[in-house]
Amino acid sequence: SQQGEEDPQALSIQEGENATMNCSYKTSINNLQWYRQNSGRGLVHLILIRSNEREKHSGRLRVTLDTSKKSSSLLITASRAADTASYFCALNNDMRFGAGTRLTVKP
Amino acid sequence: DAGVTQSPTHLIKTRGQQVTLRCSPKSGHDTVSWYQQALGQGPQFIFQYYEEEERQRGNFPDRFSGHQFPNYSSELNVNALLLGDSALYLCASSVVETQYFGPGTRLLVL
(Lines give C-alpha, C1' and ligand atoms only; values in the text may rest on other atoms or scores of the structure.)
Protein backbone atom coordinates (compact mmCIF):
# COMPACT_ATOMS: atom_id res chain seq x y z
CA SER A 1 0.00 0.00 0.00
CA GLN A 2 1.10 3.56 -0.51
CA GLN A 3 -0.10 6.99 0.40
CA GLY A 4 -0.11 10.20 -1.54
CA GLU A 5 1.86 13.22 -0.47
CA GLU A 6 0.03 16.52 -0.64
CA ASP A 7 1.69 19.85 -1.23
CA PRO A 8 1.90 22.59 -0.30
CA GLN A 9 1.43 21.92 3.39
CA ALA A 10 -0.40 25.20 3.78
CA LEU A 11 -1.95 27.70 1.38
CA SER A 12 -3.50 31.07 2.17
CA ILE A 13 -5.46 33.02 -0.44
CA GLN A 14 -8.08 35.76 -0.70
CA GLU A 15 -11.72 35.02 -1.38
CA GLY A 16 -12.37 34.87 -5.11
CA GLU A 17 -8.90 33.60 -5.97
CA ASN A 18 -8.17 30.12 -7.24
CA ALA A 19 -6.46 27.49 -5.08
CA THR A 20 -4.33 24.68 -6.44
CA MET A 21 -2.97 21.79 -4.44
CA ASN A 22 -1.11 18.71 -5.54
CA CYS A 23 -0.78 15.06 -4.71
CA SER A 24 2.21 12.96 -5.70
CA TYR A 25 2.66 9.22 -5.47
CA LYS A 26 5.28 6.60 -6.27
CA THR A 27 3.75 3.54 -7.93
CA SER A 28 0.96 3.05 -10.43
CA ILE A 29 -2.61 3.51 -9.30
CA ASN A 30 -6.12 2.54 -10.37
CA ASN A 31 -7.79 5.61 -8.97
CA LEU A 32 -7.21 8.64 -6.81
CA GLN A 33 -9.69 10.39 -4.55
CA TRP A 34 -9.74 13.83 -2.97
CA TYR A 35 -11.31 14.52 0.41
CA ARG A 36 -11.97 17.68 2.42
CA GLN A 37 -11.95 18.01 6.18
CA ASN A 38 -13.29 21.01 7.99
CA SER A 39 -11.63 21.66 11.31
CA GLY A 40 -12.09 18.74 13.70
CA ARG A 41 -14.76 17.07 11.61
CA GLY A 42 -15.04 13.96 9.46
CA LEU A 43 -13.70 13.84 5.93
CA VAL A 44 -16.00 14.53 3.00
CA HIS A 45 -15.45 12.87 -0.36
CA LEU A 46 -15.00 15.39 -3.18
CA ILE A 47 -14.12 13.54 -6.34
CA LEU A 48 -12.68 10.28 -7.69
CA ILE A 49 -10.56 10.13 -10.83
CA ARG A 50 -9.55 6.87 -12.47
CA SER A 51 -6.19 6.11 -14.04
CA ASN A 52 -7.64 6.27 -17.56
CA GLU A 53 -9.06 9.75 -16.96
CA ARG A 54 -7.10 12.96 -17.26
CA GLU A 55 -9.54 15.51 -15.89
CA LYS A 56 -12.80 15.67 -13.96
CA HIS A 57 -15.00 18.50 -12.85
CA SER A 58 -17.46 18.90 -10.03
CA GLY A 59 -18.90 22.37 -9.55
CA ARG A 60 -15.97 24.69 -8.75
CA LEU A 61 -13.59 21.75 -8.45
CA ARG A 62 -11.30 20.53 -11.20
CA VAL A 63 -9.08 17.52 -10.73
CA THR A 64 -6.36 16.46 -13.12
CA LEU A 65 -4.32 13.30 -13.16
CA ASP A 66 -0.95 12.87 -14.87
CA THR A 67 0.03 9.23 -14.58
CA SER A 68 3.35 9.82 -16.32
CA LYS A 69 4.35 12.27 -13.59
CA LYS A 70 2.51 10.31 -10.91
CA SER A 71 0.71 13.38 -9.70
CA SER A 72 -2.74 14.89 -9.40
CA SER A 73 -3.88 18.41 -8.80
CA LEU A 74 -7.04 19.81 -7.27
CA LEU A 75 -8.10 23.26 -8.40
CA ILE A 76 -10.76 25.20 -6.52
CA THR A 77 -11.96 28.16 -8.54
CA ALA A 78 -13.47 31.37 -7.15
CA SER A 79 -12.71 30.28 -3.61
CA ARG A 80 -14.95 31.14 -0.68
CA ALA A 81 -14.31 31.41 3.04
CA ALA A 82 -16.27 28.16 3.44
CA ASP A 83 -13.57 26.37 1.42
CA THR A 84 -11.22 26.82 4.37
CA ALA A 85 -10.33 23.23 5.27
CA SER A 86 -7.68 20.54 4.95
CA TYR A 87 -7.57 18.60 1.71
CA PHE A 88 -6.31 15.04 1.38
CA CYS A 89 -5.73 12.61 -1.45
CA ALA A 90 -6.13 8.84 -1.17
CA LEU A 91 -4.95 6.18 -3.61
CA ASN A 92 -6.51 3.01 -4.99
CA ASN A 93 -9.29 2.81 -2.41
CA ASP A 94 -6.40 2.23 -0.03
CA MET A 95 -7.25 4.64 2.65
CA ARG A 96 -3.86 5.91 3.59
CA PHE A 97 -3.71 9.69 3.88
CA GLY A 98 -0.84 12.11 3.89
CA ALA A 99 -0.63 15.18 6.09
CA GLY A 100 -2.87 17.12 3.72
CA THR A 101 -2.91 20.69 2.48
CA ARG A 102 -4.31 23.25 4.87
CA LEU A 103 -6.20 25.88 2.83
CA THR A 104 -7.17 29.19 4.38
CA VAL A 105 -9.43 31.49 2.38
CA LYS A 106 -9.52 35.02 3.79
CA PRO A 107 -12.73 37.04 3.34
CA ASP B 1 -30.99 8.24 5.07
CA ALA B 2 -28.73 8.72 8.07
CA GLY B 3 -25.05 8.99 7.39
CA VAL B 4 -22.30 7.45 9.46
CA THR B 5 -22.82 8.03 13.15
CA GLN B 6 -20.32 7.73 15.98
CA SER B 7 -20.64 7.73 19.74
CA PRO B 8 -19.70 9.26 22.02
CA THR B 9 -18.70 12.63 20.53
CA HIS B 10 -16.20 13.37 23.29
CA LEU B 11 -14.54 11.25 25.91
CA ILE B 12 -12.04 11.82 28.70
CA LYS B 13 -10.09 8.92 30.15
CA THR B 14 -7.02 8.46 32.31
CA ARG B 15 -3.87 6.53 31.48
CA GLY B 16 -4.23 2.79 31.79
CA GLN B 17 -7.98 2.76 31.29
CA GLN B 18 -9.85 1.08 28.47
CA VAL B 19 -12.22 2.74 26.01
CA THR B 20 -14.84 1.57 23.50
CA LEU B 21 -15.93 3.72 20.60
CA ARG B 22 -18.94 2.92 18.45
CA CYS B 23 -19.81 3.41 14.81
CA SER B 24 -22.98 2.87 12.81
CA PRO B 25 -22.33 2.76 9.07
CA LYS B 26 -24.34 4.39 6.34
CA SER B 27 -27.33 2.32 5.30
CA GLY B 28 -26.33 -0.43 2.86
CA HIS B 29 -22.61 -0.19 3.64
CA ASP B 30 -20.94 -3.42 4.73
CA THR B 31 -17.35 -2.25 5.27
CA VAL B 32 -16.17 -0.16 8.19
CA SER B 33 -12.75 1.40 8.65
CA TRP B 34 -11.28 3.15 11.66
CA TYR B 35 -8.73 5.98 11.72
CA GLN B 36 -6.79 7.88 14.34
CA GLN B 37 -6.06 11.52 13.68
CA ALA B 38 -3.70 13.43 15.91
CA LEU B 39 -3.90 17.21 15.94
CA GLY B 40 -2.46 18.72 12.77
CA GLN B 41 -1.89 15.38 11.06
CA GLY B 42 -3.70 13.28 8.51
CA PRO B 43 -5.88 10.32 9.50
CA GLN B 44 -3.90 7.17 10.19
CA PHE B 45 -5.53 3.89 9.18
CA ILE B 46 -6.10 1.53 12.12
CA PHE B 47 -8.06 -1.35 10.58
CA GLN B 48 -10.95 -2.31 8.34
CA TYR B 49 -13.80 -4.74 8.96
CA TYR B 50 -15.85 -6.62 6.40
CA GLU B 51 -18.28 -9.45 7.09
CA GLU B 52 -17.35 -9.32 10.77
CA GLU B 53 -13.69 -10.04 10.03
CA GLU B 54 -10.68 -7.74 10.21
CA ARG B 55 -9.64 -7.44 6.58
CA GLN B 56 -6.76 -5.00 6.77
CA ARG B 57 -4.72 -3.52 9.58
CA GLY B 58 -2.46 -0.52 9.81
CA ASN B 59 0.60 -0.11 11.98
CA PHE B 60 -1.11 -0.06 15.36
CA PRO B 61 -0.34 -2.21 18.41
CA ASP B 62 -2.56 -5.00 19.65
CA ARG B 63 -3.96 -2.64 22.27
CA PHE B 64 -6.21 -1.51 19.45
CA SER B 65 -8.87 -4.07 18.64
CA GLY B 66 -12.22 -4.02 16.98
CA HIS B 67 -15.38 -5.83 16.22
CA GLN B 68 -18.06 -5.75 13.58
CA PHE B 69 -21.59 -6.92 14.30
CA PRO B 70 -24.02 -8.67 11.94
CA ASN B 71 -25.80 -5.36 11.33
CA TYR B 72 -22.40 -3.96 10.15
CA SER B 73 -22.00 -1.60 13.09
CA SER B 74 -18.57 -1.62 14.64
CA GLU B 75 -16.64 -0.97 17.82
CA LEU B 76 -13.08 0.16 18.39
CA ASN B 77 -11.51 -0.86 21.68
CA VAL B 78 -8.31 0.58 23.05
CA ASN B 79 -6.73 -0.97 26.14
CA ALA B 80 -4.11 0.41 28.51
CA LEU B 81 -4.55 3.96 27.26
CA LEU B 82 -1.50 6.14 26.81
CA LEU B 83 -1.32 9.91 26.68
CA GLY B 84 -0.39 9.56 23.00
CA ASP B 85 -3.74 7.93 22.27
CA SER B 86 -5.37 11.34 22.60
CA ALA B 87 -6.79 12.02 19.15
CA LEU B 88 -9.84 12.26 16.95
CA TYR B 89 -11.05 8.76 16.05
CA LEU B 90 -12.85 8.55 12.75
CA CYS B 91 -15.03 5.80 11.41
CA ALA B 92 -15.79 5.43 7.72
CA SER B 93 -18.12 3.10 5.87
CA SER B 94 -18.12 2.04 2.24
CA VAL B 95 -19.48 -0.40 -0.27
CA VAL B 96 -17.11 -0.17 -3.20
CA GLU B 97 -14.76 2.76 -3.58
CA THR B 98 -15.83 5.92 -1.79
CA GLN B 99 -15.66 6.12 1.97
CA TYR B 100 -18.18 8.10 4.00
CA PHE B 101 -16.87 9.42 7.28
CA GLY B 102 -18.59 10.00 10.57
CA PRO B 103 -18.02 13.16 12.63
CA GLY B 104 -15.52 11.41 14.89
CA THR B 105 -15.00 10.82 18.59
CA ARG B 106 -12.53 13.09 20.31
CA LEU B 107 -10.64 11.18 23.00
CA LEU B 108 -8.55 12.92 25.61
CA VAL B 109 -6.28 10.80 27.80
CA LEU B 110 -5.08 12.47 31.00
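The values are calculated or read from the model by the stated rules, or taken from the named source; none is laboratory data. Source: prediction; values computed, not measured. Heavy atoms of the whole protein, side chains included, go into the accessibility calculation; ligands, DNA and RNA do not. Shrake-Rupley method; radii C 1.70, N 1.55, O 1.52, S 1.80 Å.
Summary of values
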| item | result |
| --- | --- |
| Antiparallel content of DSSP bridges confined to the protein assembly as shown, in %, to 5 | 90 percent |
| Dimensions in Å of region B:64-106 - Rg and Dmax from alpha carbons | 12.3, 35 |
| Descending principal axes extents, region A:36-90, alpha-carbon based, whole Å | 34, 23, 16 |
| Chain B - convex hull of the alpha-carbon atoms, volume per residue in Å³ | 94 Å³ |
| Alpha-carbon gyration tensor eigenvalues x 5, square-rooted, for region A:67-107, Å | 24, 13, 8 |
| Alpha-carbon gyration tensor eigenvalues x 5, square-rooted, for the protein assembly as shown, Å | 30, 20, 16 |
| J(HN,Hα) series, region A:21-31, from Karplus relation 6.51 cos²θ - 1.76 cosθ + 1.60, nearest Hz, glycine and proline x | 10, 10, 9, 10, 9, 10, 10, 4, 10, 9, 7 |
| Of all accessible heavy-atom area on region B:5-109, the percent that carbon and sulfur account for (1.4 Å) | 48 percent |
| Proximal lysines relative to A:Lys69, as straight alpha-carbon distance under 19 Å, when same-chain residues fewer than 8 apart are discounted | A:Lys26, A:Lys56 |
| Convex hull volume per residue in cubic angstrom - Cα atoms of chain A | 87 Å³ |
| Accessible surface buried once A binds B (1.4 Å probe; total of both sides; Å²) | 1400 Å² |
| Region B:43-48 - phi-based ³J(HN,Hα) in whole Hz, Karplus 6.51/-1.76/1.60, Gly and Pro as x | x, 9, 5, 9, 6, 10 |
| Chain A - percent of accessible surface contributed by carbon and sulfur, probe 1.4 Å | 43 percent |
